[in-house]
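In what follows, a single structure is set out as structure tokens and then discussed.
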Amino acid sequence: MTTVLIVDDQPLQRFGFRMLLESVPDTEVVGEAGSGADAVRRTAELRPDVVLMDVRMPGMDGIEATRRIVATGGRSHVLVLTTFDLDEYAHAALRAGASGFLLKDVRPEELLGGIRAVAGGDAVIAPALTRRLLDAYVHRLPGHPRAPERQPYDDPRLRTLTEREREILVAIGRGWNNAEIAERLVVAESTVKTHVGRVLSKIGARDRIQAVIFAYDLGIARPNDDEGG
């Protein structure tokens, strides 16, 4: 059974999510919150597996609430819901420690699958949405005229990676899943999974989302990268 706390300042939105989640036998809604401050308090009280977090709310927003929930080191994982016009907020929420984000118009089965994945410790992020999201941040990437003064590949954590692990990191940054990486690098998917685990450990990333952000920040992957960039 996966327990969920629904956080949204719109009662009708919360009602819709509750109806969906209570329609499946393996998911239990343990509570609701209408603000970020309430979300932090109720998460501490209820310790749900997943906090389904809205971003834009009065008072404390979902970004700050996510940051505070993650900072406690508790068992709860945060899954942020956003829309394309709120990409900036989603990016900030991921940096705050969210385990993933989905669009509010996501199909019911995708939302349920995302909740289960996050509850199991995985990250939920759509490659196409990742690229669109980070397109908005291309001016921050190394090499762009308006980017901060820095050199790509200047992070000492990169020096701990083998050549193959760097290839895996670039592939993660491009939004490829394990099956796609295995196909393109012509290795077994089980081997890719092992490499991904080592990469995350070496760069200190909690999950693939943090690895994506790491790769973009250092300029080793870019929006709309494909086979050879």
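Coordinate-derived values only; no laboratory data. All figures in this text were calculated on a predicted structure; none of them were measured in a lab. FYI the Cβ positions are ideal-geometry reconstructions off the backbone, even for glycines, and counts take in every protein chain you see.
Taking the number of Cβ atoms within 10 Å of each Cβ as an exposure proxy, the fewest-first ranking of ILE209, ILE172 is ILE209, ILE172. For the pair SER23 and ARG206, label points projected 7 Å from Cα toward Cβ lie 3.1 nm apart.
Residues LYS193, LYS202, arranged from fewest to most other Cβ atoms within 10 angstrom of their Cβ, appear as LYS193, LYS202. In terms of its Cα atoms, the stretch 146-217 spans 39, 23, 21 Å along the principal axes, sorted from long to short. Rg and Dmax over the alpha-carbon atoms of the stretch 2-124 stand at 12.5, 35 Å. Listing PHE15, PHE214 from fewest to most neighbouring C-beta atoms within 10 Å gives PHE15, PHE214.
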